[in-house]
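Peer 1: The following block contains the structure, expressed as structure tokens.
The values are calculated or read from the model by the stated rules, or taken from the named source; none is laboratory data. None of these values were measured; they are calculated from a predicted model. Virtual Cβ from ideal backbone geometry, glycine too; neighbours counted across all protein chains shown. Accessible surface areas use protein heavy atoms only, side chains included; no ligands, DNA or RNA. Shrake-Rupley method; radii C 1.70, N 1.55, O 1.52, S 1.80 Å.
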Amino acid sequence: MIETIGYVIVAGTAAEMALSLFGTWRRGHLERRSFAAEASLFERRVELSLSRAEAERDLTINSWSGFRKFKVARKIREADDIHTFELVPHNGRPLPQYLPGQYLTFQVRIPGQTKPLVRCYSLSDAPGNDERYRISVKKVQAPSGTEHASGAVSSYLNDVVREGDILDVRAPAGTFCCDPASDQPIVLIAGGVGITPLLSMLNSVCSAPTEREVWLFYGVRNRPQHAFADHIAGLRQLYPNLHVVNCYSDPTEACVPGKDYDHEGRISLEVLKANLPSSNYAFYLCGPAPMMEVVSGELRDWGVPADDIRIEAFGAATVQRQPSERPVAAPEPGIEIRFDRSDKVLAWDGSAGTILELAEKNGVALESGCRAGHCGTCVVAIKAGEVDYVADPAVSPEPGTCLACMAVPRGKVTLDA
């Protein structure tokens, strides 16, 4: 009996020692796994940071000034009134890398127009190909009651331009970019053709060695307007951390819920809250002005910090609704703006929106292009006074100049125009 008890005690002690040793081994194993995971994550971050630095350096070194000739290698229909254009350099030289979300600036000579028109279109694919660039353009009708043909270039590209045609293009630019070296979870919110810069970001994230969480909320009218649907569905299958919510504002009878779209209606805070576990994301928005105005306001009301809401403007109406990152005092009505070369003095009443629009309404000829602070076409010298901007422009004008399409007077101003 005593021997049996001794065996039990010894066995119990051995079991305790075994459990203790197992616990020690398990803790060490988990610590080693955790350390290995952290080391792997650090390596990925370093790799992505180096890739971004290389892309920025490459763009600086291999970029070009002015316009460069590109040939349309392929033209692909993506959806109703949306075509993708694959562009290759006419001289065959390698192309500099760009950052996901940047754009190209085009100077297009359209028959019947007295001067070339300048427009900016987002690159719609991940960087990495040094032989070609890709843009995707929606045909936009010129708004009624306006003198400038804002839909002329997009119509020309969609209806007239063919494979083999030559286009004049400036180097990639823009500050609406996703950092591929970051592991911060992101939410991409696209309305219509606003998907293009976000698709560049999405493709970049899905092709990088990262487990970054990504949400895409994509709002269109219905399936015929749903560009890149098959491509995004493919990414959804391959990238487990990608979550896609398609919103149709006007689905047809042929649109299948759960297959073509996930929500009937527009993108709203209600839709975001129903899907996102929290608001701790970086939000990237690109789409029509009303959508961006409403959703960005709702995100701020939800408590999302301003630095985590990034907006891409692709039209003057959008820009006017963007909150500036710095406070801008409303200019007093009646401020004098002198257009020196035109010998005109105009009173600012704020109704024009920007200095460019004030000039256009009063017969002062100013060059303009994108009308969103991207292309730099509307730059004008300031001879006296100072200006503010309705939103931070993507292109930083040189000291002593301003971008008229984004500028408002801070006080009495004299311009060389």
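Peer 1: Give the calculated FRET efficiency between ALA365 and ALA233 to the nearest 0.05, with a Förster radius of 56 Å applied to their Cβ-Cβ distance.
Peer 2: 0.70
Peer 1: If you don't mind, there's one more thing I want to ask. Using 7 Å Cα-to-Cβ label points, what is the ASN241/ASP165 separation (nm, one decimal)?
Peer 2: If labels sit at ASN241 and ASP165, their model points lie 4.1 nm apart.
Peer 1: Additional query: Whenever you get a sec, line up ASP260, ASP165 from highest to lowest accessible area (probe 1.4 Å, protein heavy atoms).
Peer 2: Descending accessible area places them as ASP165, ASP260.
Peer 1: Ranked by accessible surface with a 1.4 Å probe, highest first, in what order do TRP215, TRP25, TRP348 come?
Peer 2: Solvent-accessible surface, decreasing: TRP25, TRP215, TRP348.
Peer 1: If you don't mind, another one. From the phi angles alone, apply the Karplus equation (6.51, -1.76, 1.60; θ = phi - 60°) to the stretch 220-230 and give each ³J(HN,Hα) in whole Hz, x where the residue is Gly or Pro.
Peer 2: Along the stretch 220-230, the couplings run 9, 6, 6, 4, x, 8, 8, 6, 6, 4, 5 Hz.
Peer 1: Count charges around PRO224 for me, please; just the other residues with Cβ under 13 Å from its Cβ, Lys/Arg as +1, Asp/Glu as -1.
Peer 2: Once all neighbours under 13 Å are counted, the net charge is -2.
Peer 1: Determine the sum of side-chain charges near ALA417: Lys and Arg each +1, Asp and Glu each -1, restricted to other residues whose C-beta is under 13 angstrom from that of ALA417.
Peer 2: Summing Lys and Arg as +1 and Asp and Glu as -1 gives -1.
Peer 1: Of MET291, MET406, which has the most accessible area and how do the rest follow, probe 1.4 Å?
Peer 2: Result of the area sort, largest leading: MET291, MET406.
Peer 1: Sticking with this one: Once you list every other residue whose beta carbon is under 10 Å from the beta carbon of ILE166, what net charge do they have if Lys and Arg are +1 and Asp and Glu are -1?
Peer 2: Net charge around ILE166: 0.
Peer 1: Now a separate question. Share of the stretch 113-216's accessible area from carbon and sulfur, percent, 1.4 Å?
Peer 2: Carbon-and-sulfur percentage of accessible area, whole number: 46.
Peer 1: Using 0.36 nm times the number of residues separating ASP308 and ARG266, minus their current alpha carbon distance, what extension gain do you get?
Peer 2: 12.9 nm
Peer 1: How much length would be gained if the chain were fully extended between ARG74 and GLU336, taking 0.36 nm per residue of separation minus their Cα-Cα distance, in nm to one decimal?
Peer 2: Length gained between ARG74 and GLU336: 89.3 nm.
Peer 1: Right, next: Using a ≥ b ≥ c from the Cα gyration tensor of the stretch 113-258 (square roots of the eigenvalues), is it rounded, prolate or oblate, where a/c under 1.5 gives rounded and otherwise the larger of a/b and b/c decides, a/b for prolate?
Peer 2: oblate
Peer 1: Keeping all protein chains in the complex and leaving out DNA, RNA and ligands, what accessible area do you get for LEU167 with a 1.4 Å probe, in Å² to the nearest 10?
Peer 2: 10 Å²
Peer 1: Given points 7 Å out from each Cα along the Cα-Cβ axis, report the ASP301 to ASN91 separation in nanometres with one decimal.
Peer 2: Result for the modelled spin labels: 5.3 nm.
Peer 1: Here are some pairs, LYS71/LYS115; LYS69/LYS138; LYS75/LYS361; LYS71/LYS139; which of them have Cα atoms lying more than 27 Å apart in this structure?
Peer 2: Among LYS71/LYS115; LYS69/LYS138; LYS75/LYS361; LYS71/LYS139, the Cα-Cα distance tops 27 Å for LYS75/LYS361.
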